[in-house]
Amino acid sequence: MFFPPFDTENSRYERKFVITDMFYPQIEQEIRMHPAAFFTIFYPRYINNIYFDSRELDFFYDNVSGRGSRKKVRIRWYSNLFGDVAKPVLEFKIREGYLGNKRSFPLKPFRLDQTITNEKLQQVFQQSDLPGWALGVMQHLQPSFVNRYLRKYFLSFDGLFRLTFDTDLNYYGISTSNNSFMEHYSSDDVIVELKYDFSVSHLAPDVSSQLSFRLTKSSKYVNGIERLHPMLV
């Protein structure tokens, strides 16, 4: 599958922290009291994703094997999970180490319910204005699972560092056809991500060292596959 070449200069770092031993108010208080003076920049909102992978789960195995180059493909939208999806966006994420690029393309609206199939999603891709390389990639992929979480957004006072705070994580199984979405699990984990451009990476240690959270390689995508497809991993 062809993906565009990785662009280091226009990439950003995403450092992830999974928190299991603190209550939500404690976590948010630590964020707000950080010396970088993080403040809220957006209202909290639910993020929904349909993730895609090959039949052989190539993206999953690249991730868990620790390969330097990793890929994720998903459809993302906001607000309600099920029903009409008015503004879906197809995203291609390419990572080299901790650096990541993202390419995003709007899709035609569709409906997520029990009638959704891979065939219908492929029709959405065909009817959307996707570049040839993106359409070619999607023809080799199929949906692997759906997830949803509530995200809060923060920005440092100098505008250089963004921080997100994810709670209420839910994962749903999805197959190429006959979907009831009865296969479901939720997680009490809190995931905090610190994001910043490659150009300011030299300032990042001073910011991250002021967080008491534990840096981790945990991935929502890996967690979803391991829980929803245990016989395949």
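Considering only segment 67-83, I want to know if a residue exists there that is touching a Lys or Arg at 6+ places or on another chain (Cβ under 7 Å), assigned to a loop (DSSP other than H, G, I, E, B), surrounded by 12 or more Cβ atoms within 10 Å (Cβ to Cβ) and not small (Gly, Ala, Ser). So far as segment 67-83 goes, yes, one or more of its residues are touching a Lys or Arg at 6+ places or on another chain (Cβ under 7 Å), assigned to a loop (DSSP other than H, G, I, E, B), surrounded by 12 or more Cβ atoms within 10 Å (Cβ to Cβ) and not small (Gly, Ala, Ser).
Scanning segment 200-233 for residues that are among the small types (Gly, Ala, Ser) and either farther than 21 Å from Phe38 by Cα or modelled with pLDDT of 90 or more (or both) yields Ser201, Ala204, Ser208, Ser209, Ser218, Ser219, Gly224.
The residue pairs whose first member lies in segment 67-82 and is under 17 Å from Pro4 (Cβ atoms), whose second member is β-branched (Val, Ile, Thr) and surrounded by 13 or more Cβ atoms within 10 Å (Cβ to Cβ), and whose beta carbons are closer than 6 Å, counting only pairs six or more residues apart or on different chains, are Lys71/Ile94.
If we keep just the residues of segment 19-60 that are farther than 30 Å from Leu107 by Cα and of a type in the set (Ser, Thr, Tyr), which is modelled with the lowest pLDDT? Filtering first and then ranking leaves Thr20.
Within segment 87-137, the set of residues being part of a loop (DSSP other than H, G, I, E, B), touching a Lys or Arg at 6+ places or on another chain (Cβ under 7 Å) and exposed (fewer than 13 other Cβ atoms within 10 Å of the Cβ) is empty.
The residue that is nearest to Phe161 (Cα to Cα), counting only those in segment 31-57 that are among the aromatic types (Phe, Trp, Tyr) and within 16 Å of the chain's Cα centre (by Cα), is Tyr46.
Please pick out the residue among Glu14, Glu28 that is closer than 23 Å to Asn170 by Cβ, in contact (Cβ under 8 Å) with a residue 24 or more places away in the chain, more than 17 Å from the chain's Cα centre (by Cα) and crowded, with 16+ Cβ neighbours inside 10 Å.
Working: Glu14 fails: more than 17 Å from the chain's Cα centre (by Cα).
From the options Glu14, Glu28, the qualifying one is Glu28.
The values are calculated or read from the model by the stated rules, or taken from the named source; none is laboratory data. All values reported here derive from a predicted model rather than from experimental measurement. Positions of Cβ are backbone-derived with ideal geometry, glycine not excepted, and every protein chain shown enters the neighbour counts.
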